[in-house]
Structures are given as structure tokens and as C-alpha cells.
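These notes are about the structure you will find just below.
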Amino acid sequence: VQRDLTLRFLLTKAAIEKPSNEEDAADIFAARMSKLIELGALKEAMALNEKLDSPAATEEAALAGMQAFIGNGQIAIACLEQKALGKEIKKEDPFWAHLDKFCQTYIKTEGESGDVSQSLMHAALAYSQSEKVLAPAKFEDLNTVSLVELLVLAKSGSLDRGKWTVATARTIDPQVIAFLLAMEPSQSSQKLSLLTVAVAHGLRSPDDLE
């Protein structure tokens with residue numbers, strides 16, 4: 001219930017007082033986007049991001065926008081959008097360096113295969129080997145992994161080897177659960193464990209468990 005109320009507030013224009021200047025407006029938009037990502041509301045974050053009339057004005061908003069693209073499977077668009085962002089926007093978070101390296105690999109493999117799913121897998125494997133991305137020893141450590149590394153771990157199959165249970169999935173933050181489900185896990189125990197916890201968090205409908 002609390003999550004639904006928060007989402008309604010974040011997505012309702014009338015609930016937010018009109019800011020007095022563009023800088024305040026940019027900060028409010030960034031805060032709304034970041035909160036949606038934190039809640040694992042990836043589709044809602046994508047919908048809000050699409051309402052932007054111009055490129056994100058802050059790094060926080062740009063970062064949340066890229067997370068929304070990736071969380072909705074729009075990897076190619078994320079790669080194109082991040083190249084268009086100015087250096088002043090991408091100067092703090094190491095996420096940008098990770099994304100840029102991954103995109104270079106992904107665009108190359110996409111051109112070679114023409115199959116999005118295969119391109120993602122090959123790019124993830126190549127990035128994993130070159131950057132030595134390894135699955136964390138504990139499931140809860142996934143909460144501190146960058147989104148690009150989470151994408152790499154999921155698409156390279158590195159997370160399929162873990163012993164997934166509902167108990168281990170409960171140690172993972174809602175936004176990470178949402179991202180992992182968006183990556184369409186192939187291992188049945190992983191998918192079922194994540195879905196069970198996602199339903200408890202209100203991220204998914206109970207019908208998804210059937």
C-alpha cells in the first residue's frame with residue numbers, strides 16, 4: 001500500500017508544487033526519477049523519462065534515465081543516449097565509464113550478429129573477461145554492484161550458478177530484483193525466487209507466479 005501511494009505521488013503532476021525556476025525543476029525531476037528507480041518501478045521511470053522535452057539537466061536525472069533504459073531492455077538506446085550527454089553531466093559516477101566500455105563491445109557484437117539477445121550475451125561475456133567481473137560471494141553483495149556489472153553478470157550466465165532461494169532473494173534490494181527480472185533469468189529457481197519476493201514487494205502481480 002505504501003509503495004502504491006508513493007508511486008501515485010511521484011507520477012502525479014498535481015501532487016508536486018510548480019518550481020519557481022529551471023534549476024529547481026531539474027532537481028525535482030531528478031529526485032522523482034531516482035526514487036522510482038529505488039522502488040524498482042522501472043516502467044514508470046521510463047514513462048516519466050520519456051516526458052522530458054530536452055536532455056537531462058543533472059547527472060542524477062541522466063543516471064536514472066540510463067537505468068530506466070537498461071531496466072526496460074533498451075540497451076541500444078541507452079548506448080546512443082549516453083554518447084549524446086555532455087562531459088559535465090558524466091563526471092562523477094563510475095557508472096558512465098562502465099557503460100561506455102560495455103556499449104563499445106555491445107555495438108560491435110550487435111553489428112556482427114544482428115540478434116539482440118545473442119549480442120547482449122556475447123558482449124556480456126567479453127566485458128566480463130576483459131574487466132574481470134565476477135559474481136559476488138554473497139547474494140546481498142549484488143546490492144552494491146553497478147548496474148552495468150549487474151547486466152553483465154545476468155547476461156553472461158554468472159548468476160545462474162548460484163543457489164537461489166526465496167531466503168537469498170530477500171536479501172536483495174527491490175531495485176536490484178526488478179533489474180534482474182528485467183534481464184529475463186533463464187534458471188527456473190532464480191526466476192521463481194525473484195518473482196516470489198517481487199510479489200511481496202509489490203513489484204509484480206501474484207498472477208506472474210502462475
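The values are calculated or read from the model by the stated rules, or taken from the named source; none is laboratory data. In this text the structure is predicted, and so the values were computed from the model without any measurement. So basically every Cβ, Gly included, is an ideal-geometry build from the backbone, and we count neighbours across all protein chains shown. Accessible surface is based on the protein model in full, side chains and every heavy atom, while ligands, DNA and RNA are left aside. Shrake-Rupley method; radii C 1.70, N 1.55, O 1.52, S 1.80 Å.
Solvent-accessible surface of the chain, averaged per residue with a 1.4 angstrom probe and all protein chains in place: 56 square angstrom. Test of understanding: given the chain, find the longest segment containing no trypsin sites (Lys or Arg not before Pro) that are in a DSSP loop and have at most 14 other Cβ atoms within 10 Å. The longest such stretch corresponds to 1-50.
Listed by chain and number, the lysines whose alpha-carbon sits under 20 Å from that of residue 138, ignoring those within fewer than 8 places in the same chain, are 155, 163, 191. At full extension, residue 7 and residue 97 could sit 29.3 nm farther apart than now, given 0.36 nm per residue minus the alpha carbon distance.
Here, the chain yields an orientationally averaged convex hull projection of 12.4 nm² when only Cα atoms define the hull.
If you wrap the stretch 19-126 in the convex hull of its Cα atoms and look at it from every side, the mean projected area works out to 7.1 nm².
Take the Cα of residue 52, step 7 Å toward its Cβ, do the same at residue 28, and the gap between the two points is 1.8 nm.
Let me check against my output: what whole-number percent is the relative contact order of the stretch 23-159, with C-alpha pairs under 8 Å and at least 6 apart? This gives 17 percent for the stretch 23-159. Rounded to the nearest whole Hz, the Karplus-based 3J(HN,Hα) values (6.51 cos²θ - 1.76 cosθ + 1.60, θ = phi - 60°) of the stretch 152-159 follow the sequence 5, 4, 5, 7, 7, x, 5, 7, with x at glycine and proline. Gyration tensor analysis over the Cα atoms of the stretch 108-210 returns equivalent ellipsoid semi-axes of 25, 16, 11 Å (largest first, whole Å). Note on residue 118/residue 188: beta-carbon distance plugged into 1/(1 + (r/R0)^6) with R0 of 25 Å gives a FRET efficiency of 0.70. For the stretch 193-210, backbone phi angles converted through the Karplus equation (6.51, -1.76, 1.60; θ = phi - 60°) give residue-by-residue couplings of 5, 5, 5, 4, 6, 4, 5, 4, 7, x, 7, 9, 7, x, 4, 5, 7, 7 Hz, Gly and Pro being listed as x. Considering only 104, 40, 167, and ranking their Cα positions along the charge dipole of the chain that arises from unit charges at the beta-carbon of Lys, Arg, Asp and Glu, the one farthest toward the positive end is 167. Taking a sphere under 13 Å around the Cβ of residue 81 and counting the other residues whose Cβ falls inside, with K and R at +1 and D and E at -1, yields a net charge of 0. Think of each Lys and Arg Cβ as +1 and each Asp and Glu Cβ as -1; about the Cα centre, that makes the dipole of the chain roughly 460 debye.
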